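Notes follow once the structure below has been shown.
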Amino acid sequence: MAGNIKNIITSSAVALAATLSVGEMANADSTSLSATDFIKVRCNPTGSPTFTHWHGTVTTSGPGGDNPQVLFKISGFNVARCYADDAQNWTVASRELSFFLDPVSGDVLNSWIQPWSQESLPVVHIANALVQQKIPAVARIPVESLGDTSIARVDVPLNYPNPLASDARFADYSPEPFYKAHESFSYIFSKMDFENIAQLNSVENVQVSWTRVSPWLPWMKMKGAPGYLVFNAIVQRVGSFSELPTLIKDQIGQGLDLFLDAPHCVVAGKANVSSWTYFKKNIDAYLNGSRFPLAAPANLSLGECAQ
């Protein structure tokens with residue numbers, strides 16, 4: 001949901017968000033989840049992989065005086081494992097793919113006509129081979145319950161130096177000195193599961209409403225124009241890879257086997273991947289018109305858990 005982004009930045013954002021209270025709902029009961037109980041909602045504390053799938057849209061306010069418009073549909077997934085240390089601080093170790101689709105046909109886009117310059121650009125789909133989030137043991141995630149439904153919301157404000165801004169090669173792609181964004185996750189599950197969460201290994205029936213407001217993606221080549229993107233998607237926890245849509249399975253079959261499984265450990269000494277760091281690493285392939293995501297065979301994970 002996701003340039004040399006250090007894990008500590010993500011950790012701080014999640015830790016801050018976990019202490020925030022949500023707005024009051026009429027006739028709602030307000031309480032919270034511990035870090036360990038939230039992990040039962042987010043993934044599975046036993047160490048087995050958890051798959052989540054999302055679909056939605058990417059809209060824009062438009063640069064300058066332009067009207068808002070839907071730029072893309074999106075479809076993607078995350079596969080995660082969750083690990084606790086001796087003090088019950090948790091790490092969510094995951095990989096994720098998300099594909100930009102034609103807003104009308106729903107087909108995967110490999111090239112895109114930029115509406116304002118009319119330039120044809122390669123589409124750099126989201127391919128984050130490592131995303132690790134820290135959830136400290138002291139975190140309390142606020143929950144609101146209304147009727148038979150409970151909602152745990154996590155807000156993640158992000159503000160850190162843009163990894164592309166200091167390199168002249170990226171002046172047309174992402175010149176902003178800082179990456180500023182905001183993500184909101186509302187985890188929706190039954191009140192019964194919430195009330196009995198201490199007895200559960202994991203909450204299997206979870207939907208998530210996800211919204212992300214972010215700068216233009218670098219590959220869109222917006223040259224610092226004013227404006228922003230709004231990602232808005234519904235996320236569904238699914239039982240296994242086999243339950244993901246055919247569109248995603250077909251893309252995985254094109255050399256993306258790395259994303260079939262989450263890391264088997266907390267990966268030390270390696271920064272998270274974002275659209276900005278991925279673009280920076282693969283700028284030559286982009287300029288050559290390569291098709292994205294670039295191949296990512298499963299053997300790329302070899303050695304990541306070596307001590």
Kindly provide the set of residues from region 159-196 that are touching a helix residue (DSSP H, G or I) at 6+ places or on another chain (Cβ under 6 Å) and surrounded by fewer than 19 Cβ atoms within 10 Å (Cβ to Cβ), ordered by number. TYR160
Is region 82-96 home to any residue that is under 23 Å from MET220 (Cβ atoms), crowded, with 19+ Cβ neighbours inside 10 Å and either of a type in the set (Asp, Glu) or out of contact with any Cys (no Cβ under 9 Å at 6 or more places or on another chain) (or both)? yes
Contact list, first residue from region 32-48 and crowded, with 23+ Cβ neighbours inside 10 Å, second anywhere and outside any loop (DSSP other than H, G, I, E, B) and aromatic (Phe, Trp, Tyr), beta-carbon distance below 7 Å, six or more apart or interchain, is ILE39/TRP90; VAL41/TYR187; VAL41/PHE189
Go through region 23-131 and tell me which strands (runs of 3 or more DSSP E), entirely inside it, have 3 or more residues that are more than 19 Å from the chain's Cα centre (by Cα) and either among the small types (Gly, Ala, Ser) or closer than 19 Å to PRO263 by Cα (or both). 29-34
Given the condition farther than 19 Å from PHE77 by Cα and aromatic (Phe, Trp, Tyr), answer yes or no: does some residue in region 249-271 qualify? no
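Throughout, read-outs are computed from the coordinates displayed, never taken from laboratory work. Here the structure is a predicted model, which means the values were calculated and not measured. Please note: Cβ atoms are built from the backbone with ideal geometry, for glycine as well, and neighbour counts cover all protein chains shown.
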